[in-house]
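Engineer: Quick one: the structure is below, questions incoming.
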Amino acid sequence: MSDFSHILNWKLLRGSHKFPGPDGGTCINEAAVLACGFPYQRVGSVKAMPTCFSRPICGLAMQLNDNATDAQRQRLIPFVTRLACADTDEVEHERERYINAYLNSDNLFSPAPCQFDFQHGLATLEGALAIGRQADPLDPEEAASRLETVRASAKPATKRTGFLPAKLKGWLGLSKALESAE
């Protein structure tokens, strides 16, 4: 899996996204949904993940994704195909206890960005993934193909200049000011 990022060339971003752009542009959980063959969906919460995904693991992945720097975040790409590993309630609770023990031990996600220990978070993710059922093996080339299909359908964003909806102009009192300026 070490060559996964080179094969894929997908860019992970902070937060959830309406639809991936030409460079990828999703969080780790949205990329995982696509890589596993599900239609694209915005993931603002782990509750939005398909049931085959482990909620505690996806929650940790989301925290890592959103607290990481842009460079650190790309190190999560090899985990994209490993998140679909939901197990029994007992195993999911064990994963949750394991993750919480690590999250609370070193103030891993403290409010101060300088105290964020991404490497410790990756180790915690690896440890949680070792508990219980492992994700079904997914060939990195198959995952890359699925993500590439979505990326190819992405349209470049067009920037609208000088556009404000009429209602917003009205609220701001700009519609009359713009009319009188003409």
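The values are calculated or read from the model by the stated rules, or taken from the named source; none is laboratory data. Model, not experiment: these values are computed from the prediction. All Cβ positions, glycine included, derive from the backbone under ideal geometry; neighbour counts span all protein chains shown. In case anyone asks, the SASA skips ligands and DNA or RNA and just uses the protein heavy atoms, side chains included. Shrake-Rupley method; radii C 1.70, N 1.55, O 1.52, S 1.80 Å.
So that you can scan it fast, the table gives a plain yes or no per residue for (1) on the phi < 0 side of the Ramachandran plot; (2) among the acidic types (D, E); (3) at pLDDT below 75; (4) in contact with a Gly (Cβ under 9 Å, 6 or more places away or on another chain):
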| residue | (1), (2), (3), (4) |
| --- | --- |
| Q115 | yes, no, yes, no |
| L129 | yes, no, no, no |
| A135 | yes, no, no, no |
| D139 | yes, yes, yes, no |
| S145 | yes, no, yes, no |
| A157 | yes, no, yes, yes |
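Engineer: Do you know which of the residues in region 62-85 that are open to solvent by less than 50 Å² (accessible area, probe 1.4 Å) and either outside any helix (DSSP H, G or I) or free of Cβ contacts under 8 Å to residues at least 24 places away in the same chain (or both) is farthest from Q134 (Cα to Cα)?
Structural biologist: Checked region 62-85; the qualifying residue farthest from Q134 (Cα to Cα) is A68.
Engineer: Mind checking which residues of region 39-61 are in contact with a helix residue (DSSP H, G or I) (Cβ under 9 Å, 6 or more places away or on another chain) and open to solvent by 10 Å² or more (accessible area, probe 1.4 Å)? Step through it out loud before you land on a result.
Structural biologist: So the first thing to find is which residues in region 39-61 are in contact with a helix residue (DSSP H, G or I) (Cβ under 9 Å, 6 or more places away or on another chain), and the list is 39-43, 45-50, 53-61.
Answer for region 39-61, where residues must be in contact with a helix residue (DSSP H, G or I) (Cβ under 9 Å, 6 or more places away or on another chain) and open to solvent by 10 Å² or more (accessible area, probe 1.4 Å): P39, Y40, Q41, R42, S45, V46, K47, A48, P50, R55, P56, G59.
Engineer: Residue pairs, Cβ under 7 Å, 6 or more apart or interchain, first in region 86-109 and outside any helix (DSSP H, G or I), second loosely packed, with under 13 Cβ neighbours inside 10 Å and at pLDDT below 90. List them.
Structural biologist: Hits for this filter: N107/Q115.
Engineer: Check P111 against each of (1) open to solvent by 80 Å² or more (accessible area, probe 1.4 Å); (2) at pLDDT below 85; (3) touching a helix residue (DSSP H, G or I) at 6+ places or on another chain (Cβ under 6 Å) and name the one condition it does not meet.
Structural biologist: The failed condition is (3).
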